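Working notes, beginning with the structure itself.
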Amino acid sequence: MNLAKLKPGESGKITKIGAIGSMKRRLMDMGVLVGEKVKVEKVAPLGDPIEITVKAYKLSLRKSEAEGIAVEVMK
């Protein structure tokens, strides 16, 4: 499952970051790392952007960026 498929309020553990190059570096600089817990706070009405919490920081990602991040759903 990817991060873009999580609903607001759901959490997951990042298992893989599919981005490459500068996009992967940007995500890693923001704290989006394999093994980190991520929670979807809200999704814009048209589905883009997605607001997430990772390491107690709130970030906004484009849907296309979130689709490249594989997560394991946490309950």
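Only the coordinates and a few stated rules stand behind these numbers; no lab work does. Since the model is a prediction, treat every value here as computed from it, not as a measurement. In this analysis, Cβ positions are derived from the backbone assuming ideal geometry, glycine residues included, and neighbour counts consider all displayed protein chains.
Annotations
- Residue-count net charge about residue 72 - beta-carbon cut-off 11 Å; Lys, Arg +1, Asp, Glu -1: +4
- Efficiency of FRET from Cβ geometry, residue 64 and residue 28, R₀ 30 Å, rounded to 0.05: 0.95
- Residue 48-residue 15 pseudo-label distance in nm [points 7 Å out on the Cα-to-Cβ vector]: 2.6
- A straight chain from residue 75 to residue 7 at 0.36 nm per residue would run longer than the Cα-Cα distance by 23.2 nm.
- Under 13 Å, Cα to Cα: Lys pairs in the chain, sequence gap 8 or more or different chains: 21
- Mean sequence separation of contacting Cα pairs (under 8 Å, at least six apart), scaled by the length of the range 3-74, corresponds to a relative contact order of 42 percent.
- Length gained when the stretch residue 36-residue 56 is fully extended (0.36 nm per residue, less Cα-Cα span): 6.1 nm
- Over the range 3-74, the Kirkwood radius and the radius of gyration, each from Cα atoms, give a ratio Rg/Rh of 0.91.
- Each other residue within a Cβ distance under 10 Å of residue 54 adds +1 if Lys or Arg and -1 if Asp or Glu, for a net charge of +3.
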